[in-house]
1. Would you say Lys32 is open to solvent by 80 Å² or more (accessible area, probe 1.4 Å) and either touching a strand residue (DSSP E or B) at 6+ places or on another chain (Cβ under 8 Å) or part of a helix (DSSP H, G or I) (or both)?
2. Return the only residue of Ala26, Ala45 being under 23 Å from Ala15 (Cα atoms), at pLDDT below 95 and within 14 Å of the chain's Cα centre (by Cα).
3. Cβ contacts < 9 Å: first residue under 17 Å from Pro105 (Cα atoms) and touching a residue at least 60 places away in the same chain (Cβ under 8 Å), restricted to the stretch 14-26; second residue among the aliphatic types (A, V, I, L, M) and assigned to a loop (DSSP other than H, G, I, E, B), any location; separation 6+ or different chain. Result?
4. Among the residues of the stretch 35-50, which ones are at negative phi, assigned to a loop (DSSP other than H, G, I, E, B) and not aromatic (Phe, Trp, Tyr)?
5. When Gln95 is evaluated against the numbered criteria (1) more than 19 Å from Glu114 (Cβ to Cβ); (2) modelled with pLDDT under 95, which criterion, by number, is the only one it fails?
6. Quick one: count up the residues across the stretch 82-118 that are part of a loop (DSSP other than H, G, I, E, B), open to solvent by less than 30 Å² (accessible area, probe 1.4 Å) and within 27 Å of Asp52 (Cα to Cα).
Amino acid sequence: MSEVAWTPAAQKNYADFLPRLGKQFARLDQHKINYRVPEPLGLDAASMVKQDGKAVFTLRSVVPGAQIRYTLDGKLPDETTELYTKPITIPLNRQLTVRAITIAPNGRKSPPAEVVVN
């Protein structure tokens, strides 16, 4: 919130903000401050790369040491679903709902990010 409120509009830079945000989570945990775990980045139509009839999503988390877990069947991901280790590749000739969450090192989870691929 302070980034939005205190930074002049001409100096706001979301790409610069994310790495700085990532450094704060361990500090917040240490002080037992509640916060929202951010969803994985890269799971949206704007981030999709199309190649050879496939959609490719490259995900990342701003939470250092976090896991990303995902599903391709529209179900909610959890600790038992597929661990993200490489870009997700999906054929474009079928409709799938891809969902992903961030699981922080302390076990806290983000809300799911979601995209429907046609």
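The values are calculated or read from the model by the stated rules, or taken from the named source; none is laboratory data. Quick caveat: nothing in here was measured; it's all calculated off a predicted structure. Virtual Cβ from ideal backbone geometry, glycine too; neighbours counted across all protein chains shown. Side chains included, ligands, DNA and RNA excluded: accessible areas come from the protein's heavy atoms. Shrake-Rupley method; radii C 1.70, N 1.55, O 1.52, S 1.80 Å.
1. Details: open to solvent by 80 Å² or more (accessible area, probe 1.4 Å): yes; either touching a strand residue (DSSP E or B) at 6+ places or on another chain (Cβ under 8 Å) or part of a helix (DSSP H, G or I) (or both): no.
In short, no.
2. Working: Ala26 fails: within 14 Å of the chain's Cα centre (by Cα).
Residue meeting the stated conditions: Ala45.
3. Short answer, once both residue conditions are applied: Phe25/Val37; Phe25/Val62; Phe25/Val63; Phe25/Ala66; Phe25/Ala104.
4. Going residue by residue through the stretch 35-50, those that are at negative phi are 35-41, 43-50.
In the following step, the residues that additionally are assigned to a loop (DSSP other than H, G, I, E, B) were identified as 35-40, 43-44, 48.
Once the filter is applied, which keeps residues that are at negative phi, assigned to a loop (DSSP other than H, G, I, E, B) and not aromatic (Phe, Trp, Tyr), the stretch 35-50 yields Arg36, Val37, Pro38, Glu39, Pro40, Leu43, Asp44, Met48.
5. (1)
6. So in the stretch 82-118, the residues part of a loop (DSSP other than H, G, I, E, B) come out as 84-87, 92-95, 104-108, 110-112, 118.
Now drop any that are not open to solvent by less than 30 Å² (accessible area, probe 1.4 Å), which leaves 104, 110.
Still in the running and within 27 Å of Asp52 (Cα to Cα): none.
Residues meeting the conditions: 0.
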